[in-house]
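Here the structure is laid out as structure tokens; the discussion comes afterwards.
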Amino acid sequence: MSDEKKNDVSVKRRGFLKYTAWAAGGVVAGGAGLAVPLSGDKVLEQRYPEVPENQVELPPNGKRVVIIGGGLAGLQAGVELSARGFAVTVLERSGTPGGKAKTWRDRHFGPDDDPAKREADFPGYVRDHGTHAIWGFYNNLREFMGRYGWKLKDMPQDSSIYNFVDKDGSRSYLPNSTWPNPYDKLQLLADARKMQHVPDAERNDFIRLGLRLMSFDYADPKQRAFMDSMTFEAYGRKLGISERLIHTICDSLLEMAYFDNVQTASALTLANLFQLTAGSGDDMKVNLYSQPVTETFLQPMVDYIRAHGGRVLYNVEVSGFEKVNGRIKRVLTGELPAHRIRRCSVCGNLIIDGIEVGHECPFCGAHIDMFHELDEVERSARSWEADYFISALDIPAAKQIVHANLNVLGDEPYFHNILKLQPKAVYVCNLWFDGRGYWERRVHDVAGRPGICFFATGFQQLGITVNRSGRINFPDMKFTISPEFADRDITVIETQIAKTHLVAGKTTQEVAQLCYEELKTVMPDLPPPRDSYLNRWHNYNGYHVGSESHRPPVQSPIDNLLFIGDMAFVPHPAVFMEKTNVTAKWATNLLLEKAGIEKGRIKILQSGTPSVFTDALQRMTNVIV
């Protein structure tokens, strides 16, 4: 090792020892006056990282691409490929773009005497899959959105989503760090020591666990395989972490991020999340999409593709492939019966008369107003040819099409691994209450203001719970999630239910009642809800033990067939919506290479912020026990 390297390691080791000594109970004073070492990356520290070489628009190159699926991954790939001269066709089986990020309008939500419903031009209230958080470490998604001018909702500087409420009344907070990088970790660890959910004698467990998880290196195949080989519960026990910590704080984090729990989710889940949020305090901060997401982000992507000569077609369910000389030549749709048949424009499932539940889609819970009657063309068998094909499907849809076409695709481990992946379900319940103040009196952040949300721990139904109707006064701005509800004498509360097995088979009203009963334990003066709706989703990415080893790389064994989305594998530690963007860019670069086009290659950024803190941790320890 060179002298320069030795000195670098020595400096980092000294810094690491100071961190851990402090975390064990030492004192650091005068945080505002700490000197800041060179760390991080100025581009990654931007809210919308600017990468000049990514800002290109190339002339048509004569190559055609068919993208199966119009969710985030499919639309993002469609935009990037359209900008680089490819003729893009996006085929989406539902009637709305955006997949799990989509929004739509519902004219039926709310009580019958709601004054808005008497307005002739009332478009309906916005419904979506649930409130989506865009973390600071989503550098590639933010670069994409900034480059095309699609901006996120502004958030107050000192807002924090990390407010924990337990069924036994315990409350804990993790506020935003205010010290500079890398000293913000000291502040974070100090705040972790104050978590009321865990007895004082066990709080060092949280710090010990956090430091270990922050040291995770996704690029190391051994570490990745180790964390993928066991549940998070088993991993916590290997470390000797207290059961209360495992089953309260860790469970609530898993429910919020992965809609899963410590008994079934792999240890890789929180390791990846902690690693990605460890570089900078800004990595833990969140933005939300500007509401409604379809109108502010998704439809603009559709418009961009169409403006560049591409097509985005709805109510098209691809069911087959045709392969010629080892390459995919075309994709196919099946012929549907000639009698009346409808498709839900939200989830895309076929609706045969009589299977709706009351006025709801039996699959996703959308109102029957969202049903689309298929015309003769949409019922007929059709095909689309192209030079390249990209599957941007979620796990259930990808498994369905692969299973039905194994004889065409080939008996390859790659495709059998896709069949081993398991999706995760989540239900999102929204409840409407007359009056306001119930939330504001009972749910607060660390500064005593009404909280934007809280992480529910110890509850059966409640997951991360959000006040969609509150308007909160922060020092730098007034904030609300849903302006359509704010400044009215109503309260609209959303909770995301991860334990769907406990409410499976129950009606919307029954689930709403169960959620209401638990909300009452937090807000005792909450009146009965005037109305409710329930979104039922069964297509989120699952992270069970072994899932990572089954994820398909973007490139399939068939040269002109790629798979993208959060279900796919790339050697890059991205998760969630950041991963849809990374895989879309990855696929774009592969197709540029295949087409022999030198210009337009996309620079893929690190997800998260580099830090001497995480560098030191990774040199001193790792997650393997």
Report task. Report the normalised scattering of segment 109-225 as log10 I(q)/I(0) at q = 0.13, 0.14, 0.20, 0.22 Å⁻¹, calculated by the Debye formula with identical scatterers on the alpha carbons. Result -> -0.86, -0.94, -1.26, -1.31
Report summary line: Binned at 5 Å from zero, the C-alpha pair distances of segment 284-390 give percents of 2, 10, 14, 15, 17, 17, 12, 7, 4, 1, 0
Query raised in the report: Which whole-Hz ³J(HN,Hα) couplings does segment 522-539 yield from phi under the Karplus relation 6.51 cos²θ - 1.76 cosθ + 1.60, θ = phi - 60°, glycine and proline marked x?
Result: 8, 10, x, 8, 5, x, x, x, 7, 7, 7, 9, 9, 9, 10, 10, 10, 10
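Assign one of three labels to segment 455-573, namely rounded, prolate or oblate, based on the Cα gyration tensor with a ≥ b ≥ c the square roots of its eigenvalues; rounded applies when a/c is under 1.5, prolate when it is not and a/b is larger than b/c, and oblate otherwise.
Values: a/c = 2.73, a/b = 1.78, b/c = 1.53.
Prolate.
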Query - Heavy-atom accessible area per residue - segment 218-327, 1.4 Å, Å² - result: 34
**Report entry** Debye log10 I(q)/I(0) at q = 0.20, 0.23 Å⁻¹ for segment 388-433, Cα point scatterers
**Finding:** -0.70, -0.85
Report summary line: Here the FRET efficiency for SER319 versus GLU385, based on Cβ atoms and R0 = 25 Å and rounded to 0.05, is 0.95
Query raised in the report: Based on the Kirkwood radius over alpha-carbon pairs, what value in µm²/s does the Stokes-Einstein equation return for the translational diffusion coefficient of segment 215-285 at 20 °C and 1.002 mPa s?
Result: 172
**Report entry** Hydrodynamic radius of segment 167-279 per Kirkwood, over alpha carbon pairs, in Å
**Finding:** 14.5
Report summary line: Options [x] 74, 55, 51; [y] 76, 61, 51; [z] 74, 68, 42 are given for Cα extents along the principal axes in Å, and the computed one is [z]
Query raised in the report: Per 5 Å bin from zero, what fraction in whole % of the C-alpha pairs of segment 517-578 is there, up to the bin with the longest pair?
Result: 3, 12, 16, 15, 9, 8, 8, 9, 8, 6, 3, 2, 0
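For every helix of n ≥ 4 consecutive DSSP H residues, a contribution of -39,500 (n - 2.57) applies; sum these over the chain, divide by its total residues, and give [θ] at 222 nm rounded to the nearest 500 deg cm²/dmol. Intermediate results must be reported in sequence, preceding the final value.
Numbers: 20 runs with 188 residues, N = 625.
That calculation yields -8500 deg cm²/dmol at 222 nm.
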Query raised in the report: For segment 477-517, what is the largest minus smallest coordinate of the Cα atoms on each principal axis, given in angstrom and ordered from greatest to least?
Result: 41, 19, 16
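For segment 499-625, what does the alpha-carbon gyration tensor say about shape, rounded, prolate or oblate, given a ≥ b ≥ c as the root eigenvalues, a/c under 1.5 as rounded, and a/b over b/c as prolate? Write out the running numbers ahead of the final one.
Working: a/c = 2.62, a/b = 1.78, b/c = 1.48.
Cα axes put segment 499-625 in the prolate bin.
Keeping the other protein chains in place, figure out the carbon and sulfur percent of the accessible area of the chain, with a 1.4 Å probe.
Numbers: 12330 of 24130 Å².
Of all accessible area on the chain, carbon and sulfur atoms account for 51 percent.
Give me the accessible area per residue for segment 381-500, probe 1.4 Å, as a whole number in Å².
Details: 4150 Å² over 120 residues.
For segment 381-500, the solvent-accessible area averages 35 Å² per residue.
Strictly greater than 26 Å: what percent of every Cα pair in segment 343-468 meets that?
On the way: 4176 of 7875 pairs.
Taking all Cα-Cα pairs of segment 343-468, the fraction more than 26 Å apart is 53 percent.
Which links in LYS100/LYS478; LYS42/LYS153; LYS399/LYS603; LYS579/LYS603; LYS42/LYS585; LYS100/LYS506 stretch past 25 Å when you go from one Cα to the other?
Numbers: LYS100/LYS478 28 Å; LYS42/LYS153 22 Å; LYS399/LYS603 31 Å; LYS579/LYS603 15 Å; LYS42/LYS585 22 Å; LYS100/LYS506 22 Å.
Going by Cα-Cα distance, LYS100/LYS478; LYS399/LYS603 fall outside the 25 Å limit.
Determine the shape class of segment 47-176: with a ≥ b ≥ c the square roots of the Cα gyration tensor eigenvalues, call it rounded for a/c under 1.5, and otherwise prolate if a/b is greater than b/c, oblate otherwise.
On the way: a/c = 2.43, a/b = 1.35, b/c = 1.80.
Verdict is oblate for segment 47-176.
The values are calculated or read from the model by the stated rules, or taken from the named source; none is laboratory data. Because the structure is a prediction, the values reported are computed rather than measured. Methodologically, a virtual Cβ is constructed for each residue, glycine included, from the backbone with ideal geometry; neighbour enumeration extends over all protein chains shown. The area values use the complete protein model at the heavy-atom level, side chains included, leaving out ligands, DNA and RNA. Shrake-Rupley method; radii C 1.70, N 1.55, O 1.52, S 1.80 Å.
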